[in-house]
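Asks: Below is a structure I'd like to ask you about.
The values are calculated or read from the model by the stated rules, or taken from the named source; none is laboratory data. Note that the structure is a prediction, hence the values are computed from the model and not measured. Because the Cβ atoms are built from the backbone with ideal geometry, glycine has one as well, and the counts that use them run over all protein chains shown.
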Amino acid sequence: MQKVKKIGNGILFGGIIFLLFLVAFERFIEIPSWLAVAGRMHPMFLHFPIVLLLISFFTVWIPAGSDTGAGAGADADAGEDTGADKKNEWLDLLRLVAALSAVVAAVMGMLLSLEGDKAGETLVWHKWGGVLVAVFGFLFYSCYDLLLKKAMWVRPFTIIATITIIVTGHWGADLTHGENFVLAPIRGEEKLAAPEEAVIFADIIQPILKRKCVSCHGGSSLKGRLSLKDVEGMLDGGKSGALFLPGQPEASLLIKRIHLPLEDKKRMPPANKPQLTETEAALLYAWIRSGAGTDAKLFSLPEKDSFRVLASAFLSPAGEQSMPSYDFEAADEEKIASLNNNYRGIVPLGKNSPALSVNLYGKNVYNAKALEEILPLKKQIVELNLARLPVKDEDLKIVRQLENLRKLNLNYTSVTSKGLEHLGGLPHLQELALSGTGITSAALEKLLPALSISSLYVWDTKIDSSQLQSLQKKFAKVYIESGFTGDKGEIIALSPPVIKTPAGVFDKSIALEMKHPFGGVEIRYTLDGSQPDSISSPVYSAPLTIDSNVTVIAKAFKPGWYGSKTVRSSFIRRGVTPDSIILASSPDPKYAPTSTALLTDGQLGDFANYANGEWFGYQKNEAAYYLLFNQPVTVQSVLLSMMQNLRGHIFPPMKIEVWGGMDKDQLKPFGKVTHATPAKDEPSRLIQDRVHFAPAEVQCIKLVVQPLRSLPRWHDAKGKPGWAFISEIVVN
């Protein structure tokens, strides 16, 4: 027994020292992946110390006359091996095991918190509560004899320690299951607001997030450093960037995540959490598509706006129960699972519903085969979203085979009037979205009689107002949405202008085109990085010829409206392209694209989604590249396109160095730039850094980028290293 206790004492003392070390230096510690596994065992292990500590505390409350009480065996002779002595040895061992398990559980909890994926006030309190419980367990064992000599101390000590265990456990439950998890069954459900009084975010969107998302992204837990507890947190976004793009649900991270396969670790909500219903998911989609309003009332939207229609039904007493019925059987679940991937999401429309909704993503990977592969589910697919993909007219021959299709989204695809002819064989089609396509009024006049469409969306098309009036008169039963008219006198903010010319690298010159879907809107812009205003900034009237590196910032203005948010886009003139690029240092495995060719592909990367495989991310080590040329070239500058997302720990690099020469083993320094730490409130955006130097003939350039070593004091992860993200390199 003594040998066991001696070993246990050593482990306990070492454990408490290690725990205090983690507490003192947690901001500077990066744990290896194998140690992270131990941290993730914390939820499984923590029940042992709770039970053992409570039992050991209970023993001091047993009357002193009992042979198992705190004073049992105290009067025994020194060398007498009585039954009471034996029991005291076992009780001492109980206290040792209880203390040891409490310290181990606290260490595991600290390791789990160091993974850095979560934040929040409740996490901090739970962490400190766990450390305090471990200290209480350590003191109760190591100072037990001292506590017995001061009888007035021992029982209050156990009361305080027990309260700490209960409160810490409550915080842990909030982290795992959401705020007020324990009291939730006795709290009444929140009443739904009347549709005519409902505020868009507070009464419709926020309750959905509170029920299904706040347990991971609320005040108690900020997984991915994303807060969905209020509108400010939702607008700020998280580690992966902006959560949504107003008016663009297909490009919004929120919509992409909720339609990922259940087994995908990035799905929101995760498989072990309550899932969004079909109605809730549809509401989020329609909310973003309508512009993602927050403080306005629901009935300020046009009467036939899709979000208003859905939300009105949702807020009515039977709103959640009005699920449509279908006369076809459900598809095989294994087949559905096999067709789900990172670029295609297939989900049921509701619990026990055989109907399926299909969303396709990734314009760079889309092809007709992605549509052909879903044909085994052609009877079950009732919704298909192909927005912003390079869908061609011929692809609609495949879509025509989806015999039960009700909703089809072709917004901003390459579909023309000729392709619409293939949709005539869809007898159940009710909603068709064709905004931003090349369709004409004549094509719609030919198509609509052949279908039972009730809603048609034709924003940003060639159809003018007179043609629209003619269509509305001829097809009075069809709701045709062509844009917001503002004919009810309300004042709201304009949507941002659209920069039609894709951002990226161009040759020699490029025509920069901008537009706005509303008539009478004035677009003002700048090319020098300053913010446009409604007075002095140039007015866009015709395509601009760009022949040098610029970042255009544009904003929409119209009398009687609030000015829009700004939109920006960067254009870089192509210089000399390296024949090959060698990585001299490896990016973080989570942000390591498969090919270095992405660094010179002319694409600047999407700052709203830096986990899309287009960005090279570095944190623990510097980024270093060798740019090799088969023939000598004269160079005088190197430009890098990077990202700034302060909330996601992505900062401009501390320093960029350029070296050059005829051979990578004989290089000399050409130039460098350094960065000041950005201010706390700077927005997420693309940034371009250019290193200038005297012209030199080279066949090799070495580029070194040093990430920020320590986040500033104002950051919630102050002291930890920052990230540097790189998407494009342009020489000259």
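Asks: Please find, within segment 669-703, the residue that is surrounded by the most Cβ atoms within 10 Å (Cβ to Cβ) out of those that are aliphatic (A, V, I, L, M) and within 23 Å of residue 631 (Cβ to Cβ). Walk me through it before giving the result.
Replies: As a first pass, look at segment 669-703 and keep what is aliphatic (A, V, I, L, M): 673, 676, 679, 686-687, 691, 694, 696, 698, 701, 703.
With within 23 Å of residue 631 (Cβ to Cβ) added as a condition, the list becomes 691, 694, 696, 698, 701, 703.
Values: 691: 17, 694: 7, 696: 15, 698: 22, 701: 26, 703: 23.
Among residues in segment 669-703 that are aliphatic (A, V, I, L, M) and within 23 Å of residue 631 (Cβ to Cβ), the one surrounded by the most Cβ atoms within 10 Å (Cβ to Cβ) is 701.
Asks: Considering each residue of segment 20-60, count those that are over 30 Å from residue 710 (Cα atoms) and in contact with an Asp or Glu (Cβ under 8 Å, 6 or more places away or on another chain), and give that number.
Replies: If we filter segment 20-60 for residues that are over 30 Å from residue 710 (Cα atoms), which is where we start, we get 43-60.
Subsequent filtering for residues that are in contact with an Asp or Glu (Cβ under 8 Å, 6 or more places away or on another chain) retains none.
Going through segment 20-60 one residue at a time, the tally reaches 0.
Asks: Looking at 451, 349, 408, which is the one that is under 24 Å from residue 331 (Cβ atoms), at pLDDT below 90, of a type outside the set (Asp, Glu) and in contact with a strand residue (DSSP E or B) (Cβ under 9 Å, 6 or more places away or on another chain)?
Replies: Working: 451 fails: under 24 Å from residue 331 (Cβ atoms); 408 fails: at pLDDT below 90.
Step by step, each of 451, 349, 408 is checked, and only 349 is under 24 Å from residue 331 (Cβ atoms), at pLDDT below 90, of a type outside the set (Asp, Glu) and in contact with a strand residue (DSSP E or B) (Cβ under 9 Å, 6 or more places away or on another chain).
Asks: Tally up the residues in segment 683-722 that are over 25 Å from residue 669 (Cβ atoms) and touching a Pro at 6+ places or on another chain (Cβ under 6 Å), please.
Replies: The number of residues fulfilling the criteria is 0.
Asks: Hey, another quick one. Of 452, 441, 466, 414, which residue is small (Gly, Ala, Ser) and under 30 Å from the mean Cα position of the chain (by Cα)?
Replies: On the way: 452 fails: under 30 Å from the mean Cα position of the chain (by Cα); 441 fails: under 30 Å from the mean Cα position of the chain (by Cα); 466 fails: under 30 Å from the mean Cα position of the chain (by Cα).
After applying the criteria, what remains is 414.
Asks: Right, another one. Identify, please: which residue in segment 391-421 is touching an Asp or Glu at 6+ places or on another chain (Cβ under 7 Å) and assigned to a helix (DSSP H, G or I) and is, among those, nearest to residue 381 (Cα to Cα)?
Replies: 398
Asks: Let me ask something additional. Hey, which of the strands (runs of 3 or more DSSP E) in segment 602-672, taking only ones fully inside, have at least 2 residues that are aromatic (Phe, Trp, Tyr)?
Replies: Numbers: elements: 616-618, 623-644, 655-663.
Once the strands (runs of 3 or more DSSP E) in segment 602-672 are filtered for at least 2 residues that are aromatic (Phe, Trp, Tyr), what remains is 616-618, 623-644.
Asks: Show me the helices (runs of 4 or more DSSP H) entirely contained within segment 96-177 in which 3 or more residues are within 22 Å of residue 39 (Cβ to Cβ) and modelled with pLDDT under 85.
Replies: Details: elements: 121-142, 144-149, 151-177.
Helices (runs of 4 or more DSSP H) meeting the threshold: 121-142, 151-177.
Asks: Does residue 384 satisfy the condition of being in a strand (DSSP E or B) and either exposed (fewer than 14 other Cβ atoms within 10 Å of the Cβ) or of a type outside the set (Val, Ile, Thr) (or both)? If you could, list the steps in order and put the result at the bottom.
Replies: Numbers: in a strand (DSSP E or B): yes; either exposed (fewer than 14 other Cβ atoms within 10 Å of the Cβ) or of a type outside the set (Val, Ile, Thr) (or both): yes.
So residue 384 passes the test.
Asks: May I ask you to verify whether residue 381 is modelled with pLDDT of 90 or more, over 25 Å from residue 286 (Cα atoms) and among the hydrophobic types (A, V, I, L, M, F, W, C)? Can you show your working first?
Replies: Numbers: modelled with pLDDT of 90 or more: yes; over 25 Å from residue 286 (Cα atoms): no; among the hydrophobic types (A, V, I, L, M, F, W, C): yes.
The answer is no for residue 381.
Asks: Same structure again: Sort out for me the helices (runs of 4 or more DSSP H) sitting completely within segment 204-306 that have 1 or more residues that are modelled with pLDDT of 80 or more. Full working, then the answer.
Replies: On the way: elements: 206-212, 214-217, 231-236, 253-258, 278-289.
It comes to 206-212, 253-258, 278-289.
Asks: So the check is Cβ under 6 Å with 6+ separation or different chains; which pairs have a first residue in segment 310-321 that's within 10 Å of residue 194 (Cα to Cα) and a second one that's at pLDDT below 50?
Replies: none
Asks: Please report, ordered by residue number, the strands (runs of 3 or more DSSP E) entirely within segment 494-583 with at least 3 residues that are surrounded by fewer than 18 Cβ atoms within 10 Å (Cβ to Cβ).
Replies: On the way: elements: 504-506, 510-512, 522-526, 544-546, 550-557, 567-573, 580-583.
Where strands (runs of 3 or more DSSP E) fall fully within segment 494-583 and carry at least 3 residues being surrounded by fewer than 18 Cβ atoms within 10 Å (Cβ to Cβ), they are 580-583.
Asks: Out of (1) part of a loop (DSSP other than H, G, I, E, B); (2) in contact (Cβ under 8 Å) with a residue 12 or more places away in the chain; (3) under 27 Å from residue 500 (Cα atoms), the odd one out for residue 359 is which?
Replies: The failed condition is (1).
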